[in-house]
Amino acid sequence: MGMMKFDIPHSLPKDEVKKRVEQLLQYWGTKYGVKADWQGEGARIAGKVMGIQLDASFKITDKAVEGEGTDPGMLLRSQAKSYLQKKFGSVLDPSKTLDQVKGSLD
């Protein structure tokens, strides 16, 4: 299986981005059993999301969250990219507080 790249822009300080992304990873861990291993400004994640094996890594830069993950194949690729854009976009929305992010993950 190939790899799928993703790049989600943000306008927040890196430490705030990390706190918000940690909330998203906690949500995925609770809901899907996804495991996350932080290494500095990035993380590796592994598990199954909606029945599809997910192995990905990403890093937080000053302007974006950049990464790559397992490509689920042609039939599910656009859905997977949309899901990642939606979830990361929601947690990185500068108009939301961290508490609002926590409450908006479902």
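Some points to look at:
- Acute angle (nearest 10 degrees) that the helix 14-32 long axis makes with the longest principal axis of the chain, alpha-carbon atoms: 40
- Global geometry of segment 2-77, whether rounded, prolate or oblate, following the gyration tensor of its Cα atoms and the 1.5 cut on a/c: oblate
- Positive dipole terminus of segment 3-93, leading residue within MET50, GLN85, TRP38 (C-beta point charges): MET50
- Summed over qualifying helices (DSSP H, 4 residues or more, each -39500 (n - 2.57)) and divided by its residue number, the chain shows a 222 nm mean residue ellipticity of -13000 deg cm²/dmol.
- C-alpha long axis of helix 74-91 to longest principal axis of the chain, angle in °: 10
- Under the Karplus curve 6.51 cos²θ - 1.76 cosθ + 1.60, θ = phi - 60°, whole-Hz ³J(HN,Hα) for segment 41-53, x wherever Gly or Pro sits: 8, x, 8, 10, 10, 8, x, 10, 10, 6, x, 10, 5
- Segment 1-58 and segment 88-106 have Cα centres spaced 15 Å apart.
- Placing pseudo-labels 7 Å out from each Cα toward the beta carbon at GLN26 and SER57 gives an inter-label distance of 2.6 nm.
- Distant-in-sequence amide contacts of ASP71, defined by a placed amide H-H separation under 5 Å and a gap of 5 or more residues or a different chain, comprise GLY2, MET3, MET4.
- Total charge dipole magnitude, the chain, about the Cα centre, Cβ charges on Lys, Arg, Asp, Glu only, Debye to nearest 20: 220
- Shape category assigned to segment 56-101 from the gyration tensor of Cα positions, a/c cut at 1.5: oblate
A short reminder: the numbers here are calculations on the coordinates, not readings from a lab. This one's a predicted model, so the numbers in the text were calculated from it and none came from an experiment. All Cβ positions, even for glycine, are placed from backbone atoms using ideal geometry, and neighbour counts span all protein chains on display.
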